[in-house]
Each structure stands twice: as structure tokens, then as C-alpha cells.
Amino acid sequence: MLAKFFFNLFTGCDNGNNNKHVDTVSVSKCPFANSPSYRTNSAKRNSTDYHKRNSSSGAYTPSFTSYIFPNTNISLLNAKFKASSKASPPPSPARPTPYTYPRDSLNSLFKNVNNSWPPKSSPSTVPYPLSLYVQLCDQIPSRMTSDAYTHVEFMAWMIEYLSKNILHVMTDVMNKIEALQPGDGHYEAMLSCLSVCLLSYRWGPLPNGSSVACVSSLQLPSELTIPFTRLTSRIGLPPCPTLYSTILCNWTESTTLNIDNEEVVWPLDTRFTFSMRDDKDIGSTTERGFYLSVIRMESMAKKLYERAATLVELVNGYADIPSKPMSKTTKDNTGMKEQKIIEAMSQLRHSATQVFRVFYSMTAKSTQSSRGCPFASPFAMSASAWSTHAQTPTGWELSGFKGISGSQSLIIPVLDTVLSCVGTSPAYLDAVDSYKHYTTQTMRNFVDSIKNAPVSLREYVMKSKSVALRKEYNQLINSLAVFRMGHRAVGKKYLGGGEGNAEAEKTAGELVDKIRKDGESTVDTFARAMTERILETKKLLVEEIR
Ligand code: HEM
């Protein structure tokens with residue numbers, strides 16, 4: 001019955017314009033192949049096709065009826081909205097001048113999110129009718145974890161809710177969306193709420209995976225995609241859920257803790273989830289742990305970004321280096337500059353260690369590796385539940401877009417860029433693609449301001465004969481390499497569904513293998529790719545002068 005309703009909704013609403021852009025082939029192995037809402041691309045498109053940007057602003061400018069999200073049943077509404085909306089076009093994100101100082105880029109990044117990092121989200125106070133989306137999202141976990149729903153029924157339920165409650169107020173929805181400003185909390189709340197709605201629509205009830213992983217293109221409800229693409233395009237995000245929209249904008253409360261004598265603000269909770277919280281389902285804890293690890297790392301990384309900016313400015317002589325009154329010779333000043341750079345590198349390394357420690361504490365139950373982190377084991381992620389309850393629902397892989405990955409965070413791109421850790425491996429190219437296409441414009445501006453600095457830290461170190469400077473640079477590289485080695489171990493554990501549970505390992509492993517369609521063991525592919533990246537990092541080590 002529900003399936004019939006669902007079928008009728010899609011029949012006839014698929015206009016020819018959209019078909020021009022989406023190839024349709026049937027996939028015999030896919031259980032959803034006959035569903036009219038699913039399509040698969042006959043040839044996998046190069047994802048960069050979708051990364052064409054507006055040349056003047058650098059931002060994505062998808063139309064309201066983006067072909068990437070083909071319109072379903074409200075094309076008339078789009079026309080109505082466009083005609084009635086008096087809202088002015090969104091301001092273009094600031095275009096970096098020939099060279100912007102890292103400190104200035106970082107200030108703009110934080111200013112754009114009201115000086116809160118990760119950006120603060122306020123879902124409980126979003127105005128009507130946007131609150132209708134919050135109500136929808138709050139009903140998702142119980143349906144996503146219920147055996148009573150098939151994926152098709154889940155989608156039909158969502159379409160029914162949207163048609164009944166939101167369709168008739170869509171003009172009001174879009175006017176409210178236009179009025180939101182990045183950093184006001186409601187902007188962020190709607191980004192995460194709509195991301196979770198879209199992702200759950202794409203995947204359906206948990207645990208899931210192989211049965212829907214074959215889908216590479218899907219018609220999505222316009223009541224979700226139109227406001228979502230409007231929000232994402234304004235801050236330079238692609239029109240698909242990302243780490244920024246789904247996770248970084250998805251937390252509510254915070255508390256101040258003292259860790260290693262440093263005041264740190266810890267976000268406490270994710271607001272929107274795919275799994276239920278309070279039942280016995282282990283997936284909900286794992287899912288939460290996965291998002292919280294990213295949120296907490298990012299929260300700790302605020303200092304890391306500031307220290308990276310200071311370091312680059314010191315190297316380039318932009319930061320103040322007070323000269324000693326009695327020692328005004330060039331040699332003394334050079335020595336003082338070097339000393340400052342060594343201190344700045346050491347502080348950056350300290351911040352990186354703090355951030356990486358959070359990662360280990362969330363992935364290992366060992367109290368030794370979680371030293372200093374008060375949230376060690378409660379949210380540690382179960383490897384057997386990870387692929388089915390945490391990784392899968394954040395996958396996207398529709399229309400050439402990737403799913404969410406830690407490589408869409410700023411942390412590693414910032415360290416890589418400060419250290420000039422480039423490479424040629426597929427893992428490196430993939431990571432660069434993530435940072436270039438799945439982060440906000442202001443995040444990219446910050447990385448670019450480090451990359452475009454006239455003198456790189458590496459060039460400076462290579463020219464220097466200072467024993468201490470070279471040593472500290474190597475230590476910084478070693479910490480990044482150690483993170484990558486730890487990440488490789490963690491990835492192997494989670495991708496393999498480990499924990500000594502043979503059954504769980506087999507199920508999770510098979511599932512991920514099917515999702516990734518690697519042709520070889522996913523764990524082996526991952527380990528090989530990460531090893532290449534570790535070698536690329538270690539190659540940076542400079543000769544230490546004795
Ligand atoms: C359970 C936790 C995690 C698992 C299982 C995991 C797994 C993976 C996998 C499979 C890849 C390969 C490509 C891809 O799918 O994106 C990858 C890449 C990457 N991940 Fe993670 N990841 C986890 C958490 C994180 C976190 C928290 C960060 C940092 C914020 C991170 C940073 C990266 C980076 C930077 C890359 C690109 C490769 C590199 O530059 O070393 N990951 N990860």
C-alpha cells in the first residue's frame with residue numbers, strides 16, 4: 001500500500017529536463033532496480049564534473065532545481081518560489097586578495113561562525129516552519145532502527161510527511177532559509193538537520209549496506225534538496241552531505257574542562273542521529289562515538305589552527321619578533337627568529353598531540369592511550385557496529401559525490417600544508433580532493449593562505465643550519481606520521497569489523513567490501529594506500545646536522 005503510494009508519487013513527475021542529465025540503466029542485482037526512484041549511472045562520472053565553480057565567487061551555485069537533485073513532485077512550487085521570493089542574492093564569499101595572512105583568513109573563518117568552532121548549532125529554537133524539519137528529523141532514529149520498515153516504506157513515510165506538512169508552506173520555508181545567516185546557530189542547525197534527513201532517505205533502515213550500496217543516483221524530495229542546496233551553496237559547500245554539514249554543525253551543548261592545564265571547551269552531544277539513543281542497540285553508541293570523535297578533535301584543533309597561523313607568519317616575518325635591546329646584529333636577530341620558530345613548532349606539535357589523543361581515546365578502550373581524556377571509554381566505538389551503524393549512513397556516493405570522511409576535516413590538511421607534505425599517491429590525491437571540494441570556502445581560504453605564503457616552513461628549514469630547528473621540524477613530521485600509522489591501525493580494525501568476534505568481523509567485512517567494490521580486500525587496499533601516505537610523510541624528514 002505504502003509502496004504503491006510511493007510509486008504513484010514518482011510516476012509522471014520526472015520531467016524530461018532532468019532526464020537529460022541523468023543516465024538510467026537497470027541494475028539487475030540491485031533489489032531496488034525496479035523502483036522508479038532509483039537510477040544508476042551507466043558510466044561513473046568523474047566527480048570533478050560537479051566541482052565546476054562560479055568563476056567570480058568560487059562558490060557552488062546550483063539552481064533550485066539542480067539536476068543533481070532532480071525535482072520530484074513540486075516543480076510548480078519552485079517556479080512559485082522564484083517568482084515570489086524578493087530575497088536578494090546571497091553575498092559571495094570573500095575572495096582572497098593576492099595574499100591573505102593566515103591569521104586574517106583564520107579570523108574570517110571563525111567570524112563566519114560567530115567565533116565558535118565547531119560552529120554552534122541551535123536546533124531547539126529554529127523558527128516555524130523550519131521547526132517542522134526538526135520534528136521530522138527527530139522521528140528518524142526510531143524508524144531507522146525498526147525492523148517494521150523497508151527502505152521503500154521509509155522513503156514513503158518521509159515523502160508523506162513532507163507532502164502533508166511542508167509542501168504547502170514551502171515559500172515560507174525558503175524565505176526563512178534566506179533570512180538565516182552562517183553562524184547564527186539556526187543556519188547550522190538546518191544544515192545538519194537536512195543532511196541527516198537526506199542521508200537517512202538515501203540509506204533507509206539500519207543495519208543496511210549492500211542492498212542499497214549499488215544505487216549511484218537517486219531522486220530526492222525537493223522539500224529537502226531545495227533548502228539544503230541553498231544553504232550549502234552560500235558557504236561554498238557541494239550540494240551533498242559533508243563532514244561539515246552533518247557532523248560539525250551537529251552539536252548542542254558544551255562544557256569547559258581543564259585538560260593538561262588548558263581550558264578546553266568540549267562539545268557534549270550530537271543533536272541529530274540515525275540510530276536510537278536509549279535502547280540496547282550498540283550501534284547508537286558507536287554512531288555517537290564516531291561523530292563525537294570528530295567534533296571533539298575539531299574543538300581541540302582551534303588552538304592548532306592558531307598556532308599553525310602564527311608559525312607561518314613567523315617564518316615569513318609577519319609576526320612580531322621583539323629584538324633584544326642589547327643585541328641588534330643581523331646574526332642575533334636571525335637567531336631570535338629561529339628560536340621563535342622552534343617554539344612555535346613545538347607548540348604546534350603539542351596541539352597536534354592533544355588532538356590526536358582524542359582520536360585514540362575514541363577508538364581504543366585502553367586507558368593508557370586515553371590518558372587525559374575524560375570521555376575515554378563511554379563512547380569508544382565498537383568495530384562490529386561501525387560499518388553498519390556509523391559509516392554506512394554517512395555514505396553518499398550519489399551522482400559522483402563521495403560520502404563523509406575524516407579527510408574533510410581541516411586538521412590534517414592544515415598540518416600537511418604547513419609541512420609541505422604533498423605526494424602523488426591516490427590517497428594523497430583523494431585527500432586533496434576532499435579538502436578542495438568538501439569544505440567551506442572560508443576553510444579552504446585558510447589552507448590556501450598557508451599554501452600561498454611566500455616562504456614555506458620547509459624552505460626555511462632546508463636553508464637553515466640550526467640543529468635545533470631541523471630537529472623540531474622532524475619531530476613535527478614524526479607526529480604526523482605517527483597519527484597516520486595510528487589511523488591505519490584504527491582503519492584496519494574498523495573496516496575489518498574486528499574485536500575478535502569472527503561472525504561480526506565476517507559480516508562487517510563483507511558489507512564494506514560490497515560497498516566499496518574494491519575487487520580486493522578492503523582492509524588490504526586501505527592499508528596499502530595509507531602506507532603510501534605514511535612514506536610520503538616520512539620522506540619529508542630533513543637531515544639532522546650534528
Ligand atoms: C573510526 C574512525 C575512522 C576510520 C575507520 C577511518 C577510515 C578512513 C578510510 C577508509 C580512509 C580512506 C579514504 C576515505 O574513505 O576517505 C580514510 C582517509 C582519511 N582519514 Fe580517516 N577514518 C577515521 C577517522 C578519521 C578522523 C577522525 C580523521 C581526522 C580528523 C581522519 C582523517 C583522515 C584523512 C586525513 C584521510 C586521508 C588520508 C591521509 O591523508 O592520511 N580519519 N580514513
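Values in this text are rule-based calculations from the coordinates and carry no lab data. Everything numeric here is computed off the predicted structure, so don't read it as measured data. Here Cβ is always computed from backbone atoms with ideal geometry, including for glycine, and neighbour counts include all displayed protein chains.
For the reader, a short list of remarks on this structure follows.
- From least to most packed, judged by other beta carbons within 10 angstrom and beginning with the fewest, 196, 542, 152, 215 follow the order 542, 152, 215, 196.
- Cα-only radius of gyration and Dmax that characterise the range 146-187, units Å: 14.7, 40
- The label-point distance for residue 455 and residue 346, in a model that sets each label 7 Å from Cα toward Cβ, rounds to 2.1 nm.
- When you count the other C-beta atoms within 10 angstrom of each residue and take the mean per peptide, 458-469, 219-230 line up highest first as 219-230, 458-469.
- Residues in the range 526-546 reached by a label modelled at residue 485 [backbone nitrogen below 17 Å; 7 Å Cα→Cβ]: 527-542
- Pairwise label distance in nanometres, residue 539 with residue 468, each label 7 Å out on the Cα-Cβ vector: 3.2
- For residue 405 and residue 125, a Förster radius of 35 Å and the Cβ-Cβ distance give a FRET efficiency of 0.70, rounded to the nearest 0.05.
- Theoretical FRET efficiency, 1/(1+(r/R0)^6), r = Cβ-Cβ of residue 436 and residue 184, R0 30 Å, to 0.05: 0.65
- Table column - 3J(HN,Hα) (Hz), the range 427-434, Karplus curve with 6.51, -1.76, 1.60, x for Gly and Pro: 5, 5, 4, 5, 5, 5, 4, 4
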